[in-house]
1. Every residue in the range 146-169 that is within 26 Å of residue 74 (Cα to Cα) and out of contact with any helix residue (DSSP H, G or I) (no Cβ under 6 Å at 6 or more places or on another chain), please.
2. Quick one: is residue 138 surrounded by 12 or more Cβ atoms within 10 Å (Cβ to Cβ), modelled with pLDDT of 90 or more and touching a helix residue (DSSP H, G or I) at 6+ places or on another chain (Cβ under 8 Å)?
3. Would you check which residues across the range 14-68 are in a loop (DSSP other than H, G, I, E, B), surrounded by 15 or more Cβ atoms within 10 Å (Cβ to Cβ) and touching a residue at least 40 places away in the same chain (Cβ under 8 Å) and list them?
4. Quick one: in the range 116-128, of everything that is in a helix (DSSP H, G or I) and surrounded by fewer than 11 Cβ atoms within 10 Å (Cβ to Cβ), which residue is modelled with the lowest pLDDT?
5. Taking the range 72-104 as the region of interest, how many residues are touching a residue at least 60 places away in the same chain (Cβ under 8 Å) and over 13 Å from residue 140 (Cα atoms)?
6. Pairs, please: C-beta under 6 Å, at least 6 apart or cross-chain, first residue without any contact (Cβ under 8 Å) to a residue 40 or more places away in the chain and in the range 137-161, second assigned to a helix (DSSP H, G or I)?
């Protein structure tokens, strides 16, 4: 009988490794655990952001993979965490204002109904439209980028690239490191 197959060794592994890891994870994911509700995806995003940052730190500091692809992965993992953070912050209006100019200031009047009934000038309407449109574009672009990072590159393109090269070109170049960009969540492991 193998040692690992015994009940007492399984118990030892659980107490020595799994249980402490459980408590570390409860602490690590405490914000996500408190903000998770079945009706809202933001708690799920909290889990993902925390997990991605933890993974990037581990790969960067302790990863045993070759440095070039490992650091490309770390950069993409950090970018995915940054996008999730941007989604959580929801600062797309201020980022759009930085690009196309600020939203028009609306003077607050003492009379609440007068504020509600105030009409924007055509220039103000146009500027608001530009800012909101740009904010939507930034948000949509980042959302697509996030899922493209998770999905990764099409490996068939790499195979086609290799098929077009001669044996000498394959030997003389580092084709993989030139082609690989660090995306593809299924390859983020060490």
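The values are calculated or read from the model by the stated rules, or taken from the named source; none is laboratory data. Because the structure is a prediction, the values reported are computed rather than measured. Glycine also receives a Cβ, built like all others from the backbone with ideal geometry; neighbour counts cover every protein chain displayed.
1. Within the range 146-169, 147, 148, 151, 152, 153, 154, 155, 156, 157, 159, 161, 162 meet the criteria.
2. In short, yes.
3. The one that is in a loop (DSSP other than H, G, I, E, B), surrounded by 15 or more Cβ atoms within 10 Å (Cβ to Cβ) and touching a residue at least 40 places away in the same chain (Cβ under 8 Å): 63.
4. 116
5. Residues meeting the conditions: 8.
6. So the pair list comes out as 158/179.
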